[in-house]
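Student: Sharing a structure below in structure tokens format, with a few things to ask.
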Amino acid sequence: MPGSYHHALSERGPERVQKTGVLLVHGLCGTPTEMRYVANGLTRAGYEVACPTLAGHCGTHADLTATTWQEWYASAEAALLDLAKRCDRVIVGGLSTGAVLGLMLAARHPDKVAGLTLYSPTLWLNGRRVPWYAGLFRLVRFRALAGLFHFPAPLDFGIKDERLRTFIKSALAAPGVPALPIATPGIAVLERQRLVEAVLPEIGRITAPVLMLHPREDDYADLSNATHLQQNLGGPVDLVVLDDCYHLVTVDRQRGVVLERTLGFLEKIAGAVHGARLAA
């Protein structure tokens, strides 16, 4: 556990306690609430956790479509640099598009990202509930044309657990909350596509260890997204395929498994760094 790791360092006398930070990045059209369960579990285990809100999110569709992927990335990068000032090492975790932003952070800041936890990483929208025109949309290159499209959210919200879906529907039906159906604006999908195009050429140079957790029944992003990364990333990759949840793995039925595997991954990185220090 992280506590025993801290204790082991403190026994060495003059050497100060090492501090590990975790940056958790939510998905497109999402909020930091998607990461709350994992964030709370990591905080209880002694890690310092940051969950920034990406530019244009948590507001209106107009707020979102006024931003670019570079601005989403800038939000995540600012949080990484801030956390790196306060911690000796940082692990970056991301859900869906947040995982792609995590890859970009690792590619551009290899000295600051000690590891990656990728939850349902989404390079391509190719899940079973994605609209048929998603493939054709890859040919769209201009924001004005992209603005003519929208991508309705699946009725299951990317969540297999029926009780959670019912709760979300009730919350969305509350006064002052936009009525269903919820949709992702085409402009945001185009910017997500541009982000992926920017990061794909970089993934072979990412050598930080990676933990990936991807659902077999992902309704947004087929398992091929994870296997492509597993085959092309430049460092060690541990891929865990989840069999009882949909896209939002940090919220759905197997969120406990997600937290448990994340904690094990973080402890392994901390132990490896500690061993390297002792050998130096």
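Student: Around Trp72, with a cut-off of 13 angstrom between Cβ atoms, what is the net charge of the other residues, counting Lys and Arg +1 and Asp and Glu -1?
Tutor: Working: positive: Arg192, Arg194; negative: Asp63, Glu71, Glu77, Glu191.
Net local charge, Trp72 excluded: -2.
Student: Skipping prolines and chain starts, which residues have an amide H placed within reach, meaning under 5 Å, of the one on Gly93, given they are 5 or more residues away or on another chain?
Tutor: Leu23, Leu24, Val25, Thr117
Student: Could you sort the peptides 257-264, 132-139 by per-residue average Cβ neighbour count (10 Å cutoff), highest mean leading? Let's see the in-between values first.
Tutor: On the way: 257-264: 18.1, 132-139: 11.8.
With the highest mean Cβ count within 10 Å placed first, the list reads 257-264, 132-139.
Student: Helix by helix through the chain, keep the DSSP H runs that span 27 Å or more along the axis on Cα and average at least 0.0 on Kyte-Doolittle, and give those back in order. List each step's numbers first, then the result.
Tutor: Working: long enough: 255-279 (36 Å, 0.50).
Taking the DSSP H segments of the chain (at least 27 Å long, mean hydropathy at least 0.0), we get 255-279.
Student: Oh, and also: Projecting each Cα onto the charge dipole of the stretch 2-279 (Lys/Arg +1, Asp/Glu -1 at the beta carbon, about the Cα centre), which of Gly147, Gly271, Thr166 comes out farthest on the positive side?
Tutor: Gly271
Student: Okay, next question. Using 0.36 nm times the number of residues separating Phe142 and Asp82, minus their current alpha carbon distance, what extension gain do you get?
Tutor: My answer for the length gained is 18.2 nm.
Student: Further, regarding this structure: For the stretch 217-253 and the stretch 92-161, what is the centre-to-centre distance using only Cα atoms, to the nearest Å?
Tutor: Centre-to-centre (Cα) distance: 12 Å.
Student: Which of Leu105, Gln230, Met35 sits closest to the plus end of the dipole of the chain, meaning its Cα is farthest towards the positive end, when Lys and Arg get +1 and Asp and Glu get -1 on the C-beta?
Tutor: In the chain, that residue is Leu105.
Student: Using a cut-off of 12 Å between beta-carbons, work out the net charge of the residues near Cys51 (Lys and Arg +1, Asp and Glu -1, Cys51 not included).
Tutor: -1
Student: OK, next. Treating the beta-carbon of each Lys and Arg as +1 and of each Asp and Glu as -1, no other charges, what is the dipole magnitude of the chain about its Cα centre, to the nearest 20 debye?
Tutor: 240 debye
Student: Checking the cross-link filter: which aspartates and glutamates have an alpha carbon closer than 18 Å to that of Lys160, excluding same-chain neighbours under 8 positions apart?
Tutor: Leaving aside aspartates and glutamates fewer than 8 places away in the same chain, those within reach of Lys160 are Glu34, Glu217, Asp218, Asp219, Asp222, Asp243, Asp244, Asp252.
Student: Counting only other residues whose beta carbon sits under 12 Å from that of Leu103, what net charge do I get with K and R as +1, D and E as -1?
Tutor: Around Leu103, the charge tally is +1.
Bear in mind that the values in this text are calculations on the coordinates, not laboratory data. These figures come from a predicted structure and were not determined experimentally. Ideal geometry is used to build each Cβ from the backbone, glycine not excepted, and the neighbour counts take in all protein chains shown.
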